[in-house]
Ligand SMILES: Cc1ncc(COP(=O)(O)O)c(C=O)c1O
């Protein structure tokens with residue numbers, strides 16, 4: 001993927017070469033350099049236009065350069081953007097109230113990323129288990145194909161670590177059950193279990209939705225063993241399922257929810273939320289942050305939340321999800337090159353007969369940005385939630401052309 005396309009100019013090639021010199025080599029680099037965005041479109045430094053159905057990997061829910069984000073950030077920038085977390089600010093209180101008013105959970109801790117939200121939730125779940133059941137109750141159950149982030153705690157819950165022995169030792173007491181297999185959880189859960197962590201739709205694991213009955217079963221098992229049920233909604237929350245919180249779509253209420261990505265619409269902000277009786281296990285000095293909950297991040301997140309909850313917005317997400325899904329199913333029947341279409345709302349994964357890198361590169365050349373879910377063969381579409389019917393039709397046209405091109409190559 002580190003190759004440059006023939007049309008790539010000296011400016012792009014120069015930046016790519018410099019990037020290779022100064023960045024740690026943790027990512028393969030695409031041969032385009034994004035420069036600005038507008039709604040569902042990104043423009044690269046060469047002036048080429050792309051329909052952005054990656055959206056920062058399910059982050060830019062309001063698209064690029066949304067007026068509400070511009071206004072909220074400018075407003076707060078002019079006032080002040082930081083103070084110690086020991087000071088209450090209006091944006092932090094209002095944003096937390098807005099979230100708590102719209103779900104069954106009561107208290108919020110703001111941080112800066114998804115991994116941090118998971119770390120905080122792990123600490124809270126373990127503290128609650130320690131207080132309620134004793135020090136032996138530190139175990140956590142998570143799932144195969146899971147992804148929860150790259151810090152040590154979150155990574156300890158992430159299946160990929162099983163293939164990365166060079167980072168060992170990970171946190172002890174973590175067990176991997178099989179996604180959508182309640183018996184595998186039953187076999188692992190005990191009074192030593194502090195929590196079950198699950199993504200209601202596994203994102204990096206290949207866009208795999210949980211069965212609602214499986215989540216109900218987890219709720220019952222967690223209750224039976226006095227363990228916390230934690231939903232990692234970092235990728236799936238904040239409107240992407242067509243409901244503000246992902247749990248609403250599945251009809252199962254977790255004890256703790258982790259958020260990030262879409263919460264700030266692109267501005268780095270994360271959070272975890274808990275019921276009051278659970279949150280009470282964190283006391284002064286048990287957790288903290290320098291940047292988390294800063295006035296700028298929370299003012300922007302509040303503005304994003306207001307947009308996501310405008311009357312009709314989430315209905316629009318559901319309609320667009322249906323349209324995209326139907327279009328992909330039509331394409332699947334037309335060409336026989338799509339093997340599977342899955343997902344919920346505007347988080348869609350497709351499996352095709354083509355190599356994922358070829359598919360991504362060709363779609364990109366034809367003007368459509370998407371992502372690979374994890375390291376598998378799943379082509380993932382996570383358009384901005386403001387996407388309209390015309391952009392969905394355009395994405396399907398590009399995919400149709402892309403398949404034709406790949407087919408012709410043989
Ligand atoms: C489900 C889930 N949890 C946690 C994370 C980690 O988020 P971040 O990259 O903001 O640390 C991600 C990121 O993709 C995610 O998809």
Handout entry: Residue with peak Gaussian network fluctuation, the chain [Cα springs, cutoff 10 Å], from 69, 32, 348
Key = 32
Exercise for the section: Could you tell me how many degrees, from 0 to 90 and to the nearest 10, lie between the Cα long axis of helix 114-133 and the main elongation axis, the longest principal axis, of the Cα atoms of the chain? Expected result: 20
Problem - Rounded to 10°, Cα long-axis angle of helix 90-101 versus longest principal axis of the chain - result: 80
Problem - Helix 313-335 axis, angle to the chain major axis (alpha carbon atoms, nearest 10°) - result: 50
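How much of the pair distance distribution for the range 217-297 lies past 19 Å, counting alpha-carbon pairs only, in percent?
Looking at the range 217-297, the distances longer than 19 Å represent 46 percent of pairs.
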Problem - Inter-site label distance for residue 103 and residue 26 at 7 Å from Cα along Cβ, in nm - result: 2.6
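Using r as the Cβ-Cβ distance of residue 45 and residue 191, and R0 as 51 Å, what FRET efficiency do you calculate, to the nearest 0.05?
The pair residue 45/residue 191 has a calculated efficiency of 0.35.
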Practice task
Could you line up 354, 247, 152 from fewest to most neighbouring Cβ atoms inside 10 Å?
Solution key: 152, 354, 247
Problem - For 80, 282, 403, order by how many other beta-carbon atoms lie within 10 Å, fewest first - result: 80, 282, 403
Exercise for the section: Using label points projected 7 Å from each Cα along Cα→Cβ, tell me how many nm separate residue 335 and residue 404, to one decimal. Expected result: 1.1
Exercise for the section: Return one quarter of the surface area of the convex hull spanned by the alpha-carbon atoms of the chain, equal to its mean projected area, in nm². Expected result: 20.7
Completion exercise
Of 42, 188, 105, the most mobile residue in a GNM of the chain (C-alpha springs, cutoff 10 Å) is 188
Completion exercise
Connecting every pair of Cα atoms under 10 Å apart in the chain and solving the GNM, the largest mean-square fluctuation among 198, 174, 11 falls on 11
Problem - Rg(Cα) / (2.2 N^0.38 Å) computed for the range 67-308, rounded to two decimals - result: 0.98
Completion exercise
Ranked on Cβ counts within 10 Å of their own Cβ, fewest leading, 111, 258, 83 go 83, 111, 258
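Taken together, the values in this text are just the output of simple stated rules run on the coordinates, not laboratory data. Since we're looking at a predicted model, the values are computed, not measured. Cβ sites come from the backbone with ideal geometry, for glycine too, and all protein chains shown count toward neighbours.
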